[in-house]
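**Q** Below is the structure I would like to discuss, written out as structure tokens.
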């Protein structure tokens, strides 16, 4: 059974703080890792699709890194804003499969 | 580009009743997913279609859940009969092909009382 773990489960930060979360996944037979943001009452939307060990991707104040050999990815948010409040989900795909397996998510709350 | 459409947005039913959800994926997307997201948990894949064929339905409770994707476009997910533990958000997503970024609908929030 594939396990995708995310930590922390929830996080409260102040506006302007920088923060990061972790996604852990099986290191063998890696194919791809996705990060999604899910705001309340909206659809989950993709942030990053990462496929190569050592990948670093950036979108505005949000960035992500990938280590496939040790089986983890970090998502960073620099200078958090209240509009960053959402649940951040990672999803893992392993070679030979076509399934997206999601973690439980990290719920971020940014207080003004 | 129109997104993934789902209906209804909300549904409240009594246990043992039946319910159906509808999904219209993005035009041209071959892969369609149905996920169940129970409060406090991550989305769980129920079934994945590639065109109108089933790729994976290993976590679909087949005694009460069924899904179809006629002509490889729209899809319906049915629960019959519903149980209290089926209360969840049901998300439909599509992608151009498997393993690429998934585009999600807004989901259907089901409450079984």
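**Q** Could you please let me know if residue B:8 is touching a residue at least 40 places away in the same chain (Cβ under 8 Å) and within 13 Å of chain A (Cβ to nearest Cβ)?
**A** Spelling it out, it is not the case that residue B:8 is touching a residue at least 40 places away in the same chain (Cβ under 8 Å) and within 13 Å of chain A (Cβ to nearest Cβ).
**Q** Only one of A:78, A:99, A:57 is out of contact with any helix residue (DSSP H, G or I) (no Cβ under 8 Å at 6 or more places or on another chain), surrounded by fewer than 17 Cβ atoms within 10 Å (Cβ to Cβ) and without any contact (Cβ under 8 Å) to a residue 12 or more places away in the chain. Can you tell me which?
**A** Working: A:78 fails: without any contact (Cβ under 8 Å) to a residue 12 or more places away in the chain; A:99 fails: surrounded by fewer than 17 Cβ atoms within 10 Å (Cβ to Cβ).
Answer to the selection: A:57.
**Q** Would you confirm, using the coordinates I've provided, whether residue B:20 is within 12 Å of the chain's Cα centre (by Cα) and either away from every other protein chain (no Cβ under 14 Å) or free of Cβ contacts under 8 Å to residues at least 40 places away in the same chain (or both)?
**A** yes
**Q** Can you say whether residue B:101 is more than 14 Å from every other protein chain (Cβ to nearest Cβ) and touching a strand residue (DSSP E or B) at 6+ places or on another chain (Cβ under 9 Å), as far as the supplied structure shows?
**A** no
**Q** Keeping to the range B:23-71, report how many residues are within 10 Å of chain A (Cβ to nearest Cβ), surrounded by 18 or more Cβ atoms within 10 Å (Cβ to Cβ), free of Cβ contacts under 8 Å to residues at least 40 places away in the same chain and assigned to a loop (DSSP other than H, G, I, E, B).
**A** The total comes to 1.
**Q** Quickly run through the range A:7-36 and pick out the residues that are buried (at least 18 other Cβ atoms within 10 Å of the Cβ) and either closer than 17 Å to residue B:102 by Cβ or free of Cβ contacts under 8 Å to residues at least 24 places away in the same chain (or both).
**A** A:23, A:25, A:32, A:33, A:34, A:35, A:36
Just so you know, all these numbers are worked out from the coordinates, no wet-lab data involved. Because the structure is predicted, anything quoted here is derived from the model rather than measured. All Cβ positions, glycine included, derive from the backbone under ideal geometry; neighbour counts span all protein chains shown.
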